[in-house]
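Asks: Attaching a single structure in structure tokens format; questions to follow.
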Amino acid sequence: MTHRFIASIAFILTLGSLHAASIEYWDWKSIDTNAISFPKNFLFGVGTSAYQVEGGNKNVWDRWAHEGKCEQAAGQACDHWNRYHEDAQLIQNLGANAYRFGVEWSRIEPQQGVFDEAALDHYAAMCDELLKRGIAPVITLHHYNDPIWFADVGGFEKEENIQLYVRFAKKVIDKLHNKVHLWLTFNSPTSYAAKGYLANRMPPGKKNMQLMAEVMKNLLVAHVRLYKAVKHDRITAHAQVGTLHNICQLEPARMWDKPFALLGDYISHRCLYNFFKTGVFRFYIPCMGYVYHKEPDAPKSLDFIGLNYYSHFMMHGPKTSTFPDEMQTMCPDKTIYPEGFYRAIKEIDAHIAKPLNVPIYVTENGVAPVKEEDRELFLRRYYYAMHKAMNEGCDVRGYFYWSLMDNYEWGTMGKKRYGLYHVDFETHKRTLKSSAQYYIDIAQKFGNKFQMV
Ligand code: IFM
């Protein structure tokens with residue numbers, strides 16, 4: 001009798017813990033989104049990445065497109081490589097004081113071990129152009145853009161290739177350390193591993209949980225090794241190095257979907273948090289993947305943490321969908337959900353920023369709206385959500401809207417328009433969108449020109 005009683009209680013408790021998450025929604029009618037303010041020196045930035053805007057890059061994405069794995073390659077993209085003077089002026093016109101952009105590994109190291117000084121000079125000139133306008137250069141060293149030669153030697157699948165990334169990235173930092181405010185080692189290690197090695201959504205298009213876990217581990221280890229190389233070198237030790245994490249909440253549609261949501265959360269978030277908190281990368285899913293690796297310096301390898309946030313998903317078993325009652329966007333997997341941005345800032349704060357005592361930068365947040373006016377509403381509400389988290393003690397030092405201009409959105413061009421500037425991909429003409437005015441108002445009201453110290 002007692003056993004049965006205890007078993008029943010245990011069963012009820014288990015069922016209780018399997019409840020579908022109650023999603024947080026705010027009553028926007030009662031919220032004054034104008035009641036926000038930001039501290040002095042807050043970075044109001046905009047972001048892009050090399051392959052998405054530069055044009056003329058031949059890396060794994062180019063090959064992927066030419067093999068017919070996605071609709072199109074970036075081709076000339078936004079021709080940003082040739083138009084960066086004009087684009088620096090456009091950034092200044094927004095009132096922004098920071099610009100996050102990527103460097104193209106395949107330009108800097110076109111063949112393994114062969115470095116192109118002219119490409120590095122080009123990025124140095126770009127930084128100078130920004131700095132003279134009071135805009136902080138923030139560089140992403142790797143944003144999904146593996147050179148073909150790197151992929152062909154096994155890319156991040158092989159632990160011995162970590163040193164190839166570290167050599168390339170250190171070379172860039174050696175060249176630009178006096179000109180760059182913040183360095184991001186990778187754009188979202190977990191997204192790169194999951195999309196390239198599990199979901200078949202980007203090169204190399206594999207579906208292998210074990211490989212995905214190994215790639216994730218190798219990226220994180222590469223981050224730590226680069227961090228140490230930078231800090232051990234007296235000349236570059238002052239560089240501020242971090243990485244970024246993409247949070248997308250996985251919400252179970254029904255209580256029995258909760259195990260899938262928990263599994264998704266484990267793969268997408270927990271392994272990374274544990275790695276930085278404990279120095280141990282532990283990934284274990286019975287019969288599917290096992291990786292155990294110790295990197296004791298991991299907890300001391302972040303000067304800051306970046307956060308990318310867009311939206312959340314509903315999970316139906318292993319399948320995902322958006323929430324039908326929320327405001328939809330041009331991306332079938334993203335709705336407008338500012339409450340989730342607040343939750344994500346709190347989450348990164350609790351798991352990384354507070355335990356490791358580092359500040360947070362919102363390295364990406366943006367929308368490809370159905371109607372232009374939705375972009376202003378998006379910005380108002382996401383700014384409000386960030387301001388609320390900051391008021392509650394989260395040390396957020398900057399916000400980078402994605403993106404400066406419409407660009408190549410991994411497979412298509414012009415269908416998902418995230419830009420504050422419209423780009424005509426025939427003529428490359430940039431035109432300010434009316435919805436950018438709210439971004440400008442806030443940046444001009446609270447932003448100050450950046451000065452490199
Ligand atoms: O364009 C991408 C970016 O490269 C990475 N984060 C999400 C953006 C929008 O999909």
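Asks: Provide the gained length on full extension for the span residue 132 to residue 452, in nm with one decimal, where the gain is 0.36 nm per separating residue minus the Cα-Cα distance.
Replies: So the extension gain works out to 114.2 nm.
Asks: Next question. With runs of 4+ DSSP H residues as the only contributors, calculate the mean residue ellipticity of the chain at 222 nm using -39,500 (n - 2.57) per run, divided by the residue total and rounded to the nearest 500.
Replies: -11000 deg cm²/dmol
Asks: Can you give the FRET efficiency for residue 425 and residue 290, using 1/(1 + (r/R0)^6), R0 = 56 Å, r = Cβ-Cβ distance, to the nearest 0.05? Show your work: numbers first, answer last.
Replies: On the way: r = 45 Å, r/R0 = 0.81.
Plugging the Cβ-Cβ distance into 1/(1 + (r/R0)^6) gives 0.80.
Asks: Moving on to the next point. Multiply the residue gap between residue 167 and residue 412 by 0.36 nm, knock off their C-alpha separation, and tell me the result in nm, one decimal place. Mind dumping the intermediate values first?
Replies: Working: separation 245, 0.36 × 245 = 88.20 nm, distance 3.18 nm.
Roughly 85.0 nm would be gained on extension.
Asks: Among 216, 248, 263, which residue has its Cα furthest toward the positive end of the charge dipole of segment 205-268, with +1 on Lys/Arg Cβ and -1 on Asp/Glu Cβ?
Replies: 216
Asks: To continue, here is another question. Using a 7 Å offset from the Cα along the Cα-to-Cβ direction at both residue 357 and residue 437, what is the distance between the two label points in nm, to one decimal?
Replies: 4.7 nm
Asks: If the cut-off is a Cα-Cα distance under 19 Å, which aspartates and glutamates reach residue 40, setting aside same-chain residues fewer than 8 apart in sequence?
Replies: Result set, ordered by chain and number: 392, 395, 441.
Asks: Ranking 276, 323 by Cβ neighbours within 10 Å, fewest first, what do you get?
Replies: Result, fewest neighbours first: 323, 276.
Asks: Would you please put 63-72, 430-439 in order of how densely packed they are, using the mean number of other Cβ atoms within 10 angstrom per residue and starting with the highest? Show your work: numbers first, answer last.
Replies: Numbers: 63-72: 14.1, 430-439: 17.3.
Taking the mean over residues of other Cβ atoms within 10 Å, the ranking is 430-439, 63-72.
Asks: When only Cα pairs under 8 Å and 6 or more residues apart are kept, what is the percent relative contact order across segment 90-233?
Replies: 23 percent
Asks: Next question, about the same structure. Taking the DSSP beta bridges in the chain as the whole, what percent of them are antiparallel, to the nearest 5?
Replies: That works out to approximately 35 percent antiparallel.
Asks: Computed from the mean reciprocal separation of all distinct C-alpha pairs, what Kirkwood hydrodynamic radius does the chain have, in Å? All intermediate terms of the calculation are to be shown ahead of the outcome.
Replies: On the way: mean 1/r = 0.0443 Å⁻¹.
Kirkwood hydrodynamic radius for the chain: 22.6 Å.
Asks: Hey, another quick one. Regarding segment 376-444, what are the three Cα extents along the principal axes, ordered largest first, in Å?
Replies: The Cα atoms of segment 376-444 stretch 46, 26, 19 Å along their principal axes.
Asks: Fewest Cβ neighbours within 10 Å first, please rank 320, 190 accordingly.
Replies: In order of increasing Cβ crowding within 10 Å: 320, 190.
Asks: While we're on this one: Length gain on complete extension for the stretch residue 373 to residue 112, per 0.36 nm per residue less the alpha carbon to alpha carbon distance?
Replies: 89.3 nm
Asks: Still on this structure, I have one more. Show me, for segment 329-344, the HN-Hα J-couplings you get by feeding each phi into the Karplus relation (A = 6.51, B = -1.76, C = 1.60, θ = phi - 60°), rounded to Hz, glycine and proline as x.
Replies: Result, ordered by residue: 10, 6, 9, x, 10, 9, 10, 8, 9, x, 4, x, 5, 4, 4, 5 Hz.
Asks: If you only keep lysine pairs separated by 8 or more in sequence, or across chains, how many in segment 331-393 come under 26 Å at the Cα atoms?
Replies: 6
Values quoted throughout were computed directly from the atomic coordinates according to the rules given, and no laboratory measurement underlies them. Being a predicted model, the structure only gives us computed values, none of them experimental. With ideal geometry, Cβ positions are generated from the backbone for all residues, glycine too; neighbour counts draw on all protein chains shown.
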